[in-house]
Amino acid sequence: MYFSAHNHTDYSNLRLLDSTNKVKELIDKAIDLGLSGLAITDHEVLSSHVKADKYRKELLEKGVIDEDFTIAFGDEIYLVDSLDKKQQYYHYILIAKDQKGYEQLKKISSQAWSNSYYDRGMERVPITYEQIEDIIGEEKGHLIGSTACLGGFLPNTLLKMYKGEVSQKQASRKVSKFIDWSIDVLGKDNFFFELQAGNTEEQSEVNKMVYQIGKSRGIKNIITTDSHYLSKEDRDIHRAFLHSQEGDREVDAFYKFTYMMSEAEIKNYMENDFSESELDEMLSNTNIIADKCSNIDLFQEVDITKIEVEDFKFTKEFKKKFKEYKYISLYLNSDNKQNRALINYTLQGLINKKDVEVNDKYLSRIDIELEHIKETSKKVGKSMSRYLLTARSLVSLMWEEGDSLVGPSRGSATGLLINYLIDIIQVNPVEWGIPWWRFIHKDRPDIMDIDLDSQKSQRGQILDALNKRFGKDKVLNIATFGTIGAKSSILSACRGLDIDDSEAHYLTGLVPDERGSNWPLKDVINGNEKKGRRPQPEFVSRLKEYEDKKLKEVILAFEGIVEKRSIHASGIYIYNEPYYKRNAMMMSPSSVPTTQFDMSDSDYMGGVKFDFLTVKILDKIRIAMEHLIDAGYIEQKSSLRETYDNCLHPAVLDYESPQLWEKASSGEVVSLFQFNTMVGSNAIKEVHPKDLKEMATANSLMRLVSDSDVQPLDKFIKYRKKIDLWYEEMFQNGLTEEESDIMKKHLSASYGIAATQEDLMEILMDENISDFTVVEAHKARKAIAKKKPKLIKQLKKDYFKRSKERANSSENLINYV
C-alpha cells in the first residue's frame, strides 16, 4: 500500500489540455487500488481542492474511508530564477502538511498568477526561488517538496547530462545548488526525490541517477505516477483528448505511463532497474508524506465584510418615542454599534423620505423586519446589520467613486423596507405591497444576498474604487469554470479520433434538447426511465460504426471535463483580511484577478459575495439624462445621485400618465428594459399595460411556458378583458363561493394568474389551502424557479399531503390550485 503523491485532475486543463481525471473519479480510483491516499497536484492551480475536501467528508460519512485515508492538497509549480521570457519553466511539487502550509500554498499560487505572462504562444505562471523564500520566510516546515517529472529541474538536468547537453561537472554543480536550496527552504525531512514509473530509456536512466543521488545526499526517494488519466485502458481516451484541440501532439513518450497504478504495475515497469527491496523502500517512503500531511479541512465560517461606522448614541427622550416597538428599542439600546448604526439610518430614512410616514404602519413593519434580522443573525452567528451596512456603503461607492447610476432594485431584497429606508434600494415595498419574508425569515436563517445593478460602462471604475477602498489584496472577482457539454464532447472526440467533421455535426444533431438544455449523453445512449427519456436508436447505431475507435467511450469520458476558466458576470468577494486567508488568486483570460475557486467553493471557504450586475439600459438612461440636462429639461445638481433622485428616482416618477403607457406599449420607448427582445416586444404590445403592476405581471408571465394549450400570458390577457371568465373557470372546477373568494384574495390583482413567486408562496401558505410554512413555501418556490423535475415531483406530493392534513379546503380547491 503506497501513497500517490503526484496526480492531476481536469483543473490542470485551465491553460492547456492536460488531464481527463475528474476529482471524484480520481479519488475513487485510489480507493479501489487500496492506496493509503493521494495528493492532488494540478498544474499551478488549487481549484479542485475544495471539491476533493467535500468528497472526502462525504466518503467518511458513508463509511467508505476512514481518517487514515489521506487526501493531501498540493500544487505543481513552475520554478524559475527570473521572470524573463524564453527560458525553461521547471516543474516542482509542493504539498501542504497543515493549515499553515496550505496558506503558504495559496500565497505561492497567487504570486505565480500575479507573475503570469505569455511566452512562445503559451500562458506562463512561474514563480521565482526568491519569491518562495520570501513567502515561507521563517515559518518553515509546513510544506513538502518533491522533484517532479522529467520537466523538473533535477531530473531534467540529469537528462541533459545523459544526452551530453551539459557536462557532468556542470550538472553536478547545478544539482547540488538546487538540492541545498530545497533543504534550506523546506527542511531535509520535507524534501523528496521523485522517481516515476515507466520503462522508457530516458525515464529509466534518470530514475537510476536520481536514486543514487538521493542515497548519497540522504534524501528519501519516492515513486510517483504523475497521473493524468485513471488507468492504462484510458490511454486512448487521453490521447484523443490531447489531440482534440491542440492538433497532432506527441503523447506516446510523455504520457504513456502517466496513470494511477497499482503497486504491481509500478514494480513491473521498474523491476529491471531496481531490486524488490529498493522498490518496497521507495513505495514505503511515500507513506512518510501521508503521515506528515493532515487531512486539511478547507471549510471556514462566513466572514461578512465589515465597514467602519459612526458610533451613534441616542438620548433617553428619543428612545422613549419608540418604546412600544420591541425590536426598534432593542436596536436603539444595543451594545453593538453596527446595530445602532442600522437603526439610526433606518429611522433617518423614515423621517426624511417624502413617500413614507412616521406612523404605526411603517414602525410595525420596521419592528417585524428587525425581529427577523436579529433572530437570523443569532441563528447563523453572523451580524446581518453588518451585511446591510456594507451593502449601503457599496451603493454609495457605486454612485460616488464609481460614477455610476445604480438600479432601483432587484429580486427579493425589494421586499425589505429597511433596505429602502437606508438607500440600498429605491422602491418602497410598503407602497407596492411587496412582502419582506421572501428576503429574510428567522425560520429560514441564511446570509443575506443583495444584487446591485450598475452601468456596464462604469464597471472598471467601480472595481478600481473597490480596490482603493478595501485594498487590492481583499477584492476578487469570482472565477467560473467551463466543462465540456454533450455536443461539444462529440465534436471534440471526433476531432481527437480523426472522424470527419460532417459526421461529428450529424451526431450532435441527434442529441435531443429539453427546455433549452441538451440531454446528457448517457441518457441519449441508455435512456432515462425516471425522466421519460428513451435511447435514441439512430445515435446508438452510428456510435456502433466507430467501435474500433471507441467513440462511445471517448464521448462519455469527455462530457463534464473542466476545460476552461472565465469570470463571473457580476459576483465579487470582498474580504476583511488578505484573500489568501480564505481563497487564492488567479488571472482570468482577460487578465482580471479572480478567485481560484468557483462561487460554491469560495462560499465554503467563508467568502461573502456581492453581485455588481452590469446593465446596459443604465448606460442608456445616463446618456438620456445628460441630453435632458443639456437641453434644459432637468436641472443638474451637485452630484450624479442628487440629479437622479430629483428627476428619475422611482419615487418622483409619474406613473399615472397615459402617454407613458401608450409609448411603452406601442414600441416608441427604445430599449424598454426586460422587453427589448422579440418575446418582450410582443408581450408588451399584447398586454398593453396601464400601470406598473400590469407591466411587472407581463414581465413575469412572458417567461412562463405551460404544458397546456393556453399560455399564462394569453390567459392573463383574456381574463383581464373579461374577469367573469375566471370566475366561471373556478365555478366549473367545483369551487364554492367561499373558496372562490379565497382565490380572489390572492389573484384578483393579477386577474386570476399567479404571476410572481410571492403569489405562489402566499397561496401555499394560506391556511385554507395547504398551510405551508414560509420555509416550505420557499422550497416550493425554488423547485419551480430552478425547474428541477425531481424537486417539482416531491413538491406535488408534499402539497397534496399537507393540503389534506392541515387545511379544511375541499378536494376541488386543492386540485384547482
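The values are calculated or read from the model by the stated rules, or taken from the named source; none is laboratory data. Just so it is clear, the structure is predicted and the values come from calculations on it, not from any experiment. All Cβ positions, glycine included, derive from the backbone under ideal geometry; neighbour counts span all protein chains shown. Please note that ligands, DNA and RNA were not included when accessible areas were found on the heavy atoms of the full protein model with its side chains. Shrake-Rupley method; radii C 1.70, N 1.55, O 1.52, S 1.80 Å.
Taking amide H atoms as placed 1.01 Å from N in the peptide plane, the amide H of residue 119 lies under 5 Å from those of 124, each 5 or more residues away in sequence or on another chain.
Just so you know, the averaged projected area of the alpha carbon convex hull for region 1-93 sits at 6.7 nm². In region 249-339 the Cα-Cα distances spread across 10 Å bins starting at 0 as 11, 19, 15, 10, 8, 8, 13, 12, 4, 0 percent of all pairs. Each residue of region 194-199 was assigned a 3J(HN,Hα) from its phi angle through the Karplus curve 6.51 cos²θ - 1.76 cosθ + 1.60 (θ = phi - 60°); the sequence is 9, 9, 10, 5, x, 10 Hz, with glycine and proline shown as x.
Principal axis extents of the C-alpha atoms in region 386-524 (largest first, rounded to whole Å): 62, 37, 26.
Carbon and sulfur together cover what percent of the accessible area of region 403-442 at a 1.4 Å probe radius? Working shown, then result.
Working: 440 of 1000 Å².
Result for region 403-442: 45 percent of the exposed heavy-atom area is carbon or sulfur.
Counting only alpha carbon atoms, the long axis of helix 235-246 and the longest principal axis of the chain meet at about 60°. Helix 712-721 versus the longest principal axis of the chain: what is the Cα-based angle in degrees, 0 to 90, to the nearest 10? So the helix axis and the longest Cα principal axis differ by about 10 degrees. Principal-axis analysis of the Cα atoms of the chain puts helix 360-380 at an angle of about 20° to the longest axis. In terms of overall dimensions, region 380-458 has a Cα radius of gyration and Dmax of 12.9, 40 angstrom.
Carbon-plus-sulfur fraction of the accessible area of region 280-330, 1.4 Å probe, in percent? Kindly include the intermediate steps, with their values, before the conclusion.
On the way: 1490 of 3100 Å².
C and S atoms contribute 48 percent here.
Lys/Arg Cβ at +1, Asp/Glu Cβ at -1, dipole of the chain taken about the Cα centre: which of 31, 413, 608 is farthest positive-ward? Positive-end residue among those listed: 413. Karplus-derived 3J(HN,Hα) values for region 777-787, using 6.51 cos²θ - 1.76 cosθ + 1.60 with θ = phi - 60°, are 5, 5, 4, 5, 4, 5, 4, 6, 4, 7, 6 Hz; glycine and proline are entered as x.
For residue 606, the residues 5 or more places off, or on other chains, whose built amide H falls under 5 Å of its own are 300. Computed over protein heavy atoms with a 1.4 angstrom probe, the accessible surface ordering of 765, 448, 1, largest first, is 1, 765, 448.
Solvent-accessible area assigned to carbon and sulfur over region 163-239 amounts to 44 percent, based on a 1.4 Å probe.
Based on DSSP H segments of at least four residues, each scored -39500 (n - 2.57), the chain has a per-residue ellipticity at 222 nm of -14500 deg cm²/dmol.
Think of the chain as a dipole: +1 on every Lys or Arg Cβ, -1 on every Asp or Glu Cβ, centred on the Cα centre; then among 540, 599, 77, 599 lies furthest on the positive end.
Treat every Asp and Glu Cβ in the chain as -1 and every Lys and Arg Cβ as +1, leave all other atoms uncharged, and give the resulting dipole magnitude about the Cα centre to the nearest 20 debye.
Numbers: 115 positive and 132 negative charges, 288 e Å.
The calculated dipole for the chain is roughly 1380 debye.
Mean shadow of region 664-817, computed from the convex hull of its alpha carbons, in nm²? Don't jump to the answer; show the numbers that get you there.
Working: hull surface 37.9 nm².
So the mean shadow area of the Cα hull is 9.5 nm².
With +1 assigned to the C-beta of every Lys and Arg and -1 to the C-beta of every Asp and Glu, and no other charges, what is the dipole magnitude of region 470-560 about the Cα centre in debye, to the nearest 20? Don't jump to the answer; show the numbers that get you there.
Values: 15 positive and 15 negative charges, 102 e Å.
Roughly 480 debye for region 470-560.
Computed with every protein chain present, the accessible area of residue 57 is close to 60 Å² [probe 1.4 Å].
Rolled with a 1.4 Å probe across the full set of protein chains, the surface gives residue 318 an accessible area near 50 Å².
Work out, in µm²/s and without decimals, the Stokes-Einstein translational diffusion coefficient of the chain at 4 °C, 1.567 mPa s, Rh from Kirkwood over C-alpha pairs.
Approximately 42 µm²/s, per Stokes-Einstein.
Pop the C-beta distance of residue 592 and residue 232 into the FRET formula with R0 = 56 Å and round what comes out to the nearest 0.05. Don't jump to the answer; show the numbers that get you there.
Values: r = 41 Å, r/R0 = 0.73.
With R0 = 56 Å, the Cβ-Cβ based efficiency is 0.85.
Projecting the Cα positions of 322, 346, 312 onto the charge dipole of region 300-350 (unit charges on Cβ atoms of Lys, Arg, Asp and Glu, taken about the Cα centre) puts 322 furthest along the positive direction. Karplus-derived 3J(HN,Hα) values for region 345-351, using 6.51 cos²θ - 1.76 cosθ + 1.60 with θ = phi - 60°, are 5, 5, 5, 4, x, 5, 6 Hz; glycine and proline are entered as x.
The antiparallel fraction among DSSP beta bridges confined to the chain stands at about 55%.
Rounded to the nearest whole Å³, what is the per residue volume of the convex hull around the Cα atoms of region 313-377? If you can, show how the numbers build up before the last one.
Numbers: hull volume 5.3 nm³, N = 65.
Output value, Cα hull per residue: 82 Å³.
Using only the Cα atoms of region 463-546, construct the convex hull and provide its projected area averaged over every direction, in square nanometres to one decimal. Intermediate values should be presented prior to the final figure.
Details: hull surface 37.3 nm².
About 9.3 nm², averaged over all directions.
All C-alpha to C-alpha distances of region 444-588, sorted into 10 Å bins beginning at zero, yield P(r) values of 10, 28, 20, 18, 19, 6, 0 percent in whole numbers. Share of pairwise Cα-Cα distances greater than 20 Å in region 617-673 is 29 percent (whole percent).
Ranked from the most accessible area to the least, with a 1.4 Å probe and all protein chains present, what is the order of 122, 585? List each step's numbers first, then the result.
Numbers: 122 50, 585 10 Å².
Order by accessible area, largest first: 122, 585.
Calculated accessible area for the chain comes out at 46 Å² per residue, all protein chains present (probe 1.4 Å; ligands, DNA, RNA ignored). For residue 478, the residues 5 or more places off, or on other chains, whose built amide H falls under 5 Å of its own are 568, 571, 573, 595. What fraction of the Cα pairs in region 765-817, stated in percent, has a spacing above 17 angstrom? It works out to 32 percent of all Cα pairs. What the Cα atoms of region 141-297 give is an Rg and a Dmax of 16.4, 47 Å. The value given for region 292-439 is a Kirkwood hydrodynamic radius of 16.5 Å, derived from the mean inverse Cα-Cα separation.
To one decimal place, what Kirkwood hydrodynamic radius in Å is obtained for region 532-575 from all pairs of distinct Cα atoms? Please report the intermediate quantities before stating the final value.
Details: mean 1/r = 0.0708 Å⁻¹.
14.1 Å is the Kirkwood radius here.
Local charge for residue 661 was computed over the other residues whose Cβ lies under 13 Å away, with Lys and Arg +1 and Asp and Glu -1, and equals -2.
Placing +1 on the Cβ of every Lys and Arg and -1 on the Cβ of every Asp and Glu, with nothing else charged, gives region 694-817 a dipole about its Cα centre of roughly 900 debye.
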